[in-house]
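Note sheet for the following structure.
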Amino acid sequence: MPRPRLTEMKLKWCQEYAIKPDAKAAALAAGYSPAGAHSRGYENSQCPDCMAEVARLRALEDEKFLLRKTEVIRELAILAMADLGDVLEWGQEPVEDDDGLPVTLPNGEPVMRPVVTPINSRAIPAALRRAISEVSMSDKGTFKVKMHDRMKALEMLARIHGLFEKDNEQAGKAAADSIAALIEAVQGKPLSPTTDT
């Protein structure tokens, strides 16, 4: 849909009005004189071309907001679902002597030692690298990888999707039922027996 042709003042008014729907305040911010701001603001609010531009600007902002929200959710999901096994490999390997031969126990079983191998950062996808909060190596050669807090990310995702609200509603109903039962008891009505399940 082509944008309506509007004067610079009207375009500025539309931008201001799209942010805060106060016709007079938008007129003042757009540069209309204080004496005529009320009438100009009202005229612009009744102008179909102005209101079409306001709607277009709001739709753009809604799209940007939706994109920002989607990006936040995606990043939280990456943090929540990140697997340490995607950035480190660990396990056991046989101990070898100076000649490269395996060291064995008296019963013939190989002596094993724990080993942790970091995966080269270039081999880790960029999204997963963002789930790493810290990489360090001590003076003694101890390598450390710290991931962002998974539980915090899961909690934030649950809040975004309203999972806690359902729990709160159920808890609130149970509390209200208990309070109602206590009020009935105080007023002389017997409490109905409850059974634990």
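The values are calculated or read from the model by the stated rules, or taken from the named source; none is laboratory data. What you see is a predicted model, and the numbers here were worked out from it, not measured in a lab. Cβ sites come from the backbone with ideal geometry, for glycine too, and all protein chains shown count toward neighbours. With ligands, DNA and RNA removed, areas are computed over all heavy atoms of the protein, side chains included. Shrake-Rupley method; radii C 1.70, N 1.55, O 1.52, S 1.80 Å.
Key figures
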{"read-out": "By accessible area with a 1.4 Å probe, ligands and nucleic acids excluded, highest first: order of TRP90, TRP13", "value": "TRP90, TRP13"}
{"read-out": "GLU96-MET151 FRET efficiency (beta carbon distance; Förster radius 45 Å; 0.05 resolution)", "value": "0.65"}
{"read-out": "Modelled FRET efficiency - R0 25 Å, MET81 with ALA123, Cβ distances, 0.05 increments", "value": "0.85"}
{"read-out": "Over the stretch 111-158, relative contact order from alpha-carbon pairs under 8 Å, at least 6 apart, %", "value": "24 percent"}
{"read-out": "Residues of the stretch 84-127 with amide N under 20 Å of a point placed 7 Å along Cα→Cβ from ARG74", "value": "124-127"}
{"read-out": "Accessible heavy-atom area order of LYS24, LYS140, LYS10, highest first, probe of 1.4 Å", "value": "LYS140, LYS24, LYS10"}
{"read-out": "Distance (nanometres) between label positions extended 7 Å along Cα→Cβ at LYS144 and MET51", "value": "6.2 nm"}
